Amino acid sequence: METVTVTAQRRSENNQSVPISILHLDGKAIANAGYTALTDLQYLAPGVQYDPTQGAAFQIRGVGSTSFDFSNAKSVSVVVDDVVMDAQRANGMVGMVDIDNVDVMMGPQGTLFGMNSTSGVISVTTGKPRLGVLSGRLSTSYGEHNERIINGTVNVPLGNKAAFRVSGFDNAQDGFGRNVTLNRLVGSTDEYGTRAKLYAEPMEHFDVTLEGDYAHHWDSSVRTPVGGQPANVTRMLNALGVFPGPKNADTADSFMGGITSEEYGASLHLHTKIGQNDLTFITAYRGSLYDNNTPVDLLPSNQYAYIPYNLGHLTTEKFSDEIHFASPKGHLVEYLVGGFFNRLDARQTQYQWGTLGAPLIGANGARPGTLYNLSGAFGKAGNTSLFNSRNESLAAFGQLKFNISPHFNLAISGRYTHDRNSQSLGYIWTDPVPLMGYTPTFVPTSAAPVYPYGVMTGQNFSGRISPEYRFNPNVMTYFTFSTGYKPAGIAFVGNKYDPYHQETVKSYEVGMKSEWLHHRLRFNMDLYREDFTDFQATILTPVPDGTGGTILASAIGNAGGLRSQGVEGNVAFKPLPDLTVSGAVTYTSAYFTDYQANQKTSYTGTQLTNAPAFSANAAIDYDHDLTPHLGLRAHVDYAYRGTYWTVVGQPAYSRVPAFSLVNLRLSLLPWNKRVQVGLYVRNLFDQYFSTGYQLYGATGYLHYTTPDARRTVGGFLNIAY
């Protein structure tokens, strides 16, 4: 098998020599599975989950950030081409095109990677411009549900010392739910984007990479009813052909709703040699936009309404600088030192106006003279919440590695971090006339915060020590003890000022990495335990709704203790030159060891959200030359996710049953293998699953659905030159 090269310690190293649990996915494996989004990595990497409901974030080993708060740092850092993607509601990458590889690093990784991360890092490396090579690739596919995917990459040499590489994508598919009132599909998606890189070596031992990207995403995914609606609402839904249940993807709302997002940015990478040492500098700018238009009525406005006007408009800007200086490999002592600065600004406006149960349109067409204003406050003139936040982080980090003997090495890492997170809440006026044709009286539902602005600062030293012992060139064992940290922050929940404390973790991991049968069999495994203190958890908290009742809002607070422990293993076997079999399995036990949410509610002992106990993946790849100019390629992959819950406390309504996904891909490669034509089947057995459940006030239990939860059959054509 080919050597797997990773950069988990900011150097190019053989994965079998790195004392970290790493799941490596190359670009070919991702393309063969037929997935197109970064969030689809959860189906390829056991132990990785993505929660689209509470702020949208990844989880590793059951642990991750699921919060709408703007001060809350991500537990899992997504790093694309060495740039940390930390904008709220943004993943940093929309379309998976021109990907070299993805490395999923488990456990705390803050000592060497940009932002301090308590749960792991997903590091994505995209295609690098190649000097002296003119090449290109075009891929198109069309499948059921009007699924259309097109992407391509072109590499152009610019003389002998520079090259330009550009890639682009356009992906779309129709939804499988219906809005029966508007006669439109629910769950449709459409996204497109481009990435360009300019690489130059103007002089010996000095290279420059300038990179820019833009991506746009739209979907009509909205929450649809599962159950628990008032009896009269259920009767009206049934009369319109909508039947709430675990597999329901339909709604009858008079407002469509949907999500629109944009991500864009640029980075400059400078690298030079000083003697035998490497000096690298990376500066980056990132921006994002996120419009979350999610009305929640379920029925036509003349029958029932709850919150028909519900829009959040978020924009972010981020600047970062990173520098590191590394010694050459192979000496008795290797070292790496560096510094990192990151500043993220976010601004969100949010209006939530509704009747909280009464029809929006009367029998004679009359509109209500008053609307409840969940985004206002008593005594404030505005009808729209305005959040502003700034998260700043400054860090210094380093590592010493002692190559004591051919059999024994010891690595010691450290990181000092200073954070300053601030957030404010104010109120502005949004003209309702363009939205509803008139100006009602807005009735606030809660008081303004006593403190409309807050700042939380903190310092932390995180470390890691990793002794490793190599029995022979192909078998290595290691032990790693590491710590991690997330800064404190400010939250406003139902207009209430609600600061929370920093989160820390201690992680213990023992593992083995090995290759057997003359490098035809690779087997890696590890045991781990992670103990979190003051874990930043999100729960549903009742806040006033203005009618004497309450509505549940997502609030972030500190759980006293959390433990995640388990075992991870992965294997790859190449019994024949044309055949590769691979797989991975994870068992995770992630639960609160100390979480007294309030005087009446304790979550101690309950499982973490979106944390299945068992998850596994397997794949078979067959690549055979039928003739010198004609090839046959076949791929099948399998993913399993055990039962999990999407709401803290494991309420029955939030249970997602276990499910399995199988994908197939079969193709021929004629014309000297420059053309590939074939068929694909995604979700072969049409396995349905939901991605998240919520209890949303009087509208009952709602959930999100995903296009991945249905079978899709199609064909594809790839051309390379």
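The values are calculated or read from the model by the stated rules, or taken from the named source; none is laboratory data. These figures come from a predicted structure and were not determined experimentally. Cβ: placed from backbone, ideal geometry, glycine included. Neighbour counts: every protein chain shown.
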Check: Does LYS318 satisfy being among the basic types (Lys, Arg) and crowded, with 18+ Cβ neighbours inside 10 Å?
Finding: yes
Checklist line | Evaluation of GLY561 against (1) in a strand (DSSP E or B); (2) at pLDDT below 80 (one fails), failing number | finding: (2)
Next item on the list: Exactly one condition in (1) modelled with pLDDT of 95 or more; (2) more than 24 Å from TYR638 (Cα to Cα) is not met by TYR587; state its number.
Entry: (2)
Checklist line | Candidate set from the stretch 274-297 (those that are touching a Phe, Trp or Tyr at 6+ places or on another chain (Cβ under 7 Å) and part of a loop (DSSP other than H, G, I, E, B)); member that is nearest to VAL83 (Cα to Cα) | finding: PRO295
Note to self: Every residue in the stretch 159-184 that is free of Cβ contacts under 8 Å to residues at least 24 places away in the same chain and farther than 30 Å from GLN303 by Cβ, please.
What the structure shows: GLY159, ASP170
Note to self: Checking the condition among the small types (Gly, Ala, Ser), farther than 15 Å from THR580 by Cα and over 29 Å from the mean Cα position of the chain (by Cα), which residue from SER667, SER660 passes?
What the structure shows: SER667
Notebook entry, point to check: Of THR349, THR430, which residue is surrounded by 15 or more Cβ atoms within 10 Å (Cβ to Cβ), touching a His at 6+ places or on another chain (Cβ under 6 Å) and either assigned to a strand (DSSP E or B) or modelled with pLDDT of 95 or more (or both)?
Noted result: THR349
Notebook entry, point to check: So is ILE307 crowded, with 20+ Cβ neighbours inside 10 Å and over 30 Å from ASN383 (Cα atoms) or not?
Noted result: no
Checklist line | Only listed residue being more than 25 Å from HIS217 (Cα to Cα), hydroxyl-bearing (Ser, Thr, Tyr) and out of contact with any helix residue (DSSP H, G or I) (no Cβ under 9 Å at 6 or more places or on another chain), chosen from THR280, THR260 | finding: THR280
Notebook entry, point to check: Quick one: in the stretch 578-619, which of the residues that are free of Cβ contacts under 8 Å to residues at least 12 places away in the same chain and part of a loop (DSSP other than H, G, I, E, B) is surrounded by the most Cβ atoms within 10 Å (Cβ to Cβ)?
Noted result: ASN598
Check: Do we have VAL450 as among the hydrophobic types (A, V, I, L, M, F, W, C), in a loop (DSSP other than H, G, I, E, B) and out of contact with any Leu (no Cβ under 8 Å at 6 or more places or on another chain) here?
Finding: yes
Next item on the list: Can you tell me which residue within the stretch 145-163, out of those that are crowded, with 17+ Cβ neighbours inside 10 Å and among the polar types (S, T, N, Q), is nearest to TYR199 (Cα to Cα)?
Entry: ASN155
Next item on the list: Within the stretch 102-125, identify whether any single residue is buried (at least 24 other Cβ atoms within 10 Å of the Cβ), assigned to a loop (DSSP other than H, G, I, E, B), modelled with pLDDT of 85 or more and within 13 Å of the chain's Cα centre (by Cα), and answer yes or no.
Entry: yes
Item checked: Residues located in the stretch 577-633, provided they are small (Gly, Ala, Ser) and either farther than 25 Å from ASN663 by Cα or in contact with an Asp or Glu (Cβ under 6 Å, 6 or more places away or on another chain) (or both) -> SER589, ALA590, ALA597, SER602, GLY605, ALA619, GLY631
Note to self: Within the stretch 364-384, take every residue that is out of contact with any Gly (no Cβ under 8 Å at 6 or more places or on another chain), touching a residue at least 24 places away in the same chain (Cβ under 8 Å) and among the small types (Gly, Ala, Ser) and give me the one that is surrounded by the most Cβ atoms within 10 Å (Cβ to Cβ).
What the structure shows: SER375
Notebook entry, point to check: Identify, please: which residue in the stretch 325-362 is closer than 29 Å to ASP253 by Cα and among the β-branched types (Val, Ile, Thr) and is, among those, nearest to the chain's Cα centre (by Cα)?
Noted result: THR349
Next item on the list: Scan the stretch 154-177 residue by residue and report those that are more than 23 Å from the chain's Cα centre (by Cα), within 17 Å of THR189 (Cβ to Cβ) and in a strand (DSSP E or B).
Entry: GLY177
Note to self: With the structure loaded, tell me whether GLY265 is surrounded by 19 or more Cβ atoms within 10 Å (Cβ to Cβ) and under 22 Å from the mean Cα position of the chain (by Cα) or whether it fails that test.
What the structure shows: yes
Next item on the list: Give TYR485, TYR469, TYR508, TYR478 a once-over and let me know the one that is crowded, with 21+ Cβ neighbours inside 10 Å, modelled with pLDDT of 95 or more, of a type in the set (Phe, Trp, Tyr) and farther than 17 Å from SER422 by Cβ.
Entry: TYR478
Check: Assuming LYS247 fulfils every condition listed in (1) modelled with pLDDT under 95; (2) over 26 Å from the mean Cα position of the chain (by Cα); (3) of a type in the set (Lys, Arg) apart from one, which condition is it?
Finding: (2)
Next item on the list: Mind listing whichever residues of the stretch 596-617 are more than 21 Å from ASP531 (Cβ to Cβ) and of a type in the set (A, V, I, L, M, F, W, C)?
Entry: PHE614, ALA616
Check: Could you count how many residues in the stretch 377-416 are β-branched (Val, Ile, Thr) and either under 28 Å from SER17 (Cα atoms) or at pLDDT below 95 (or both)?
Finding: 2
